[in-house]
Amino acid sequence: MAVDPLIELRNVNKYYGELHVLRDIDLTVGKGEVVVVIGPSGSGKSTLCRTINRLETIESGTITLDGQPLPAEGKALARLRAEVGMVFQSFNLFAHRTVLQNVSLAQVKVRKRKRDDADRRSRELLDRVGLLDQADKYPAQLSGGQQQRVAIARALAMEPKAMLFDEPTSALDPEMINEVLEVMRQLARDGMTMVVVTHEMGFARASANRVVFMADGRIVEDRSPDEFFTAPSSDRAKDFLSKILKH
Amino acid sequence: MNVLTDNFSTYGAGFLGTLELTVYASLLALALGFLMASFRVAPVGSLRVFGTAWVTVLRNTPLTLLFFAVLLGLPRFGLVLPFQVFAVLALGCYTSAFVCEALRSGINTVPKGQGEAARSLGMSFGQTLSLVVLPQAFRSVIPPVGSTLIALAKNSAIAGAFSVTELLGTYKTLNELGYNIIWTFVWIAAGYLVITLAISALFHALERTWGVPR
């Protein structure tokens with residue numbers, strides 16, 4: 001797609017000691033694009049996702065966000081992280097805060113909004129993910145699917161330029177996966193730039209602009225979902241798809 | 001038996017001395033322990049090294065030796081303060097190493113994802129620690145910090161050997177006056193019990209009210 005690049009990774013390498021987890025990664029995500037990253041476990045897809053807001057550091061290469069290189073630790077990095085929403089596999093809602101406080105906290109402390117304004121915006125977002133009636137509960141009182149929808153609302157409250165999803169449905173009961181995917185599909189339709197690490201092939205087919213297939217720390221394929229699912233070019237991808245699409 | 005009633009003012013002065021040492025040194029230990037725990041989990045390498053060195057040196061030095069170092073050492077560098085202040089410094093710094101480690105173990109009980117989520121929302125290191133991690137760590141460190149402060153109250157007896165007025169030291173005066181040594185010590189022990197039981201009660205109350213609905 002010949003669009004404005006929002007996220008650009010160039011020649012990115014990362015090691016865990018001897019283990020080379022990301023090998024010469026080149027990836028461009030345009031504004032408004034939805035890129036789904038799939039691959040076998042241990043292929044480096046979660047790590048890739050986490051390097052984009054520097055929850056994982058890299059050994060070499062460059063990552064730029066909206067034209068700016070990713071800063072090292074410090075205030076500049078914090079500012080940049082506020083522009084990139086992240087949704088985790090394990091939800092990571094703040095356990096000692098209510099649902100409403102979870103969504104409002106960073107708006108007040110990072111965006112410096114007034115508490116009332118932040119709470120109003122939080123309620124709007126909770127309404128959007130269908131959880132306004134749960135605003136005063138604590139995270140542990142919600143189901144996994146509900147927690148994950150709160151986590152999405154919390155990330156959206158910062159009005160991010162892009163959203164990263166690190167296996168957002170992998171820790172959920174099957175019946176709760178869809179409620180989360182529905183929120184994500186809606187986001188994709190609204191034009192949010194998204195990088196989604198997932199095993200949900202249905203979501204990849206329906207909502208992705210591109211599918212990135214990773215294996216052994218490399219990007220093996222980077223194509224449209226139609227092409228990828230009907231005619232994968234690499235043996236590695238064929239093998240992977242044959243295993244997961246059987247059932 | 002009348003050792004207490006006859007010498008109420010001596011006991012009182014000693015009790016107040018111990019109480020003052022305990023309160024001031026506890027405040028110092030909590031503040032420094034909090035600071036050092038933040039250093040030990042900081043993203044900046046030099047801070048982590050400083051925090052680790054602080055804990056290693058202070059935790060592994062016998063307290064009496066530390067008193068000598070502070071009371072005899074600091075004046076050599078031109079720092080001359082009342083002995084009571086020196087005693088608070090020695091006790092507070094020593095105990096801060098233990099408070100730091102208790103806090104750090106509490107921080108380790110908070111799942112890593114909590115900090116990651118806070119950072120991914122753009123919170124600074126200080127905000128992540130103070131708004132998300134420490135409030136959750138706090139609950140699990142209340143009992144060990146309570147024990148540490150009780151130990152501090154009892155350790156304050158060492159200050160008596162350095163001419164600071166405190167409870168244990170009163171036995172010297174009373175012994176010279178010819179009072180029964182057993183009863184002298186019974187009342188000294190009772191004085192310590194008042195302080196340590198008060199600390200236990202305070203931390204029990206904290207533990208009960210700080211409950212987080214989960």
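The values are calculated or read from the model by the stated rules, or taken from the named source; none is laboratory data. Computed from a predicted structure; not experimentally measured. Quick reminder, even Gly has a Cβ in these numbers, built from the backbone with ideal geometry, and neighbours come from all protein chains shown.
See the values below:
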{"quantity": "Residues of region A:192-225 satisfying the condition of being in contact with a Lys or Arg (Cβ under 8 Å, 6 or more places away or on another chain) and charged (D, E, K, R)", "calculated": "A:R210, A:D216, A:R218, A:D222, A:R223"}
{"quantity": "Residue count, region A:129-145 (criterion: under 15 Å from A:T98 (Cβ atoms) and in contact (Cβ under 8 Å) with a residue 24 or more places away in the chain)", "calculated": "9"}
{"quantity": "Identity of the residue in region A:78-123, over 27 Å from A:I7 (Cα atoms) and among the aliphatic types (A, V, I, L, M), that ends up farthest from the other protein chains (Cβ to nearest Cβ)", "calculated": "A:L100"}
{"quantity": "Yes/no for B:A117 being within 14 Å of chain A (Cβ to nearest Cβ) and farther than 30 Å from B:T61 by Cα", "calculated": "yes"}
{"quantity": "Subset of region B:35-70 (residues that are in contact (Cβ under 8 Å) with a residue 12 or more places away in the chain, surrounded by 14 or more Cβ atoms within 10 Å (Cβ to Cβ) and within 14 Å of chain A (Cβ to nearest Cβ))", "calculated": "B:V41, B:A42"}
{"quantity": "One residue from B:A97, B:A151 being in contact (Cβ under 8 Å) with a residue 60 or more places away in the chain, under 17 Å from the mean Cα position of the chain (by Cα) and either away from chain A (no Cβ under 14 Å) or surrounded by fewer than 18 Cβ atoms within 10 Å (Cβ to Cβ) (or both)", "calculated": "B:A97"}
{"quantity": "Within region B:71-88, tally of residues that are surrounded by fewer than 18 Cβ atoms within 10 Å (Cβ to Cβ) and under 15 Å from the mean Cα position of the chain (by Cα)", "calculated": "1"}
{"quantity": "Residues being of a type in the set (S, T, N, Q) and crowded, with 21+ Cβ neighbours inside 10 Å - total across region A:135-157", "calculated": "3"}
{"quantity": "Answer residue from region B:102-114, given it is away from every other protein chain (no Cβ under 14 Å) and free of Cβ contacts under 8 Å to residues at least 60 places away in the same chain and is nearest to B:E207 (Cα to Cα) among those", "calculated": "B:S105"}
{"quantity": "Qualifying residue in region B:178-198 (condition: over 25 Å from B:P62 (Cα atoms), modelled with pLDDT of 90 or more, in contact with a Lys or Arg (Cβ under 7 Å, 6 or more places away or on another chain) and part of a helix (DSSP H, G or I))", "calculated": "no"}
{"quantity": "Strands (runs of 3 or more DSSP E) enclosed by region A:141-219 - at least 1 residues per element that are of a type in the set (G, A, S)", "calculated": "A:162-166, A:210-215"}
{"quantity": "Per-region count, region B:20-47, residues basic (K, R) and touching a Leu at 6+ places or on another chain (Cβ under 7 Å)", "calculated": "0"}
{"quantity": "Filter result (aliphatic (A, V, I, L, M) and either in contact with a helix residue (DSSP H, G or I) (Cβ under 7 Å, 6 or more places away or on another chain) or part of a helix (DSSP H, G or I) (or both)) within region B:157-177", "calculated": "B:A157, B:I158, B:A159, B:A161, B:V164, B:L167, B:L168, B:L174"}
{"quantity": "Some residue of region B:3-18 being under 24 Å from B:A153 (Cβ atoms), surrounded by fewer than 13 Cβ atoms within 10 Å (Cβ to Cβ) and modelled with pLDDT of 90 or more", "calculated": "no"}
{"quantity": "Residue within region A:171-192 that is more than 20 Å from A:L126 (Cα to Cα) and crowded, with 23+ Cβ neighbours inside 10 Å present", "calculated": "no"}
{"quantity": "Region B:193-213 residues that are within 14 Å of chain A (Cβ to nearest Cβ), paired with ones that are surrounded by 11 or more Cβ atoms within 10 Å (Cβ to Cβ) and modelled with pLDDT of 85 or more (beta carbon under 6 Å, 6 or more apart)", "calculated": "B:V212/A:H96; B:P213/A:Y138"}
{"quantity": "In region A:55-76, residue nearest to the other protein chains (Cβ to nearest Cβ) [restricted to those that are closer than 16 Å to A:M158 by Cβ and crowded, with 18+ Cβ neighbours inside 10 Å]", "calculated": "A:L55"}
{"quantity": "Count of residues meeting criterion [under 13 Å from A:V84 (Cα atoms), out of contact with any helix residue (DSSP H, G or I) (no Cβ under 8 Å at 6 or more places or on another chain) and of a type outside the set (S, T, N, Q)] in region A:49-70", "calculated": "4"}
{"quantity": "Failed condition for A:L126, given (1) out of contact with any helix residue (DSSP H, G or I) (no Cβ under 6 Å at 6 or more places or on another chain); (2) away from chain B (no Cβ under 14 Å); (3) assigned to a helix (DSSP H, G or I); (4) touching a residue at least 24 places away in the same chain (Cβ under 8 Å)", "calculated": "(1)"}
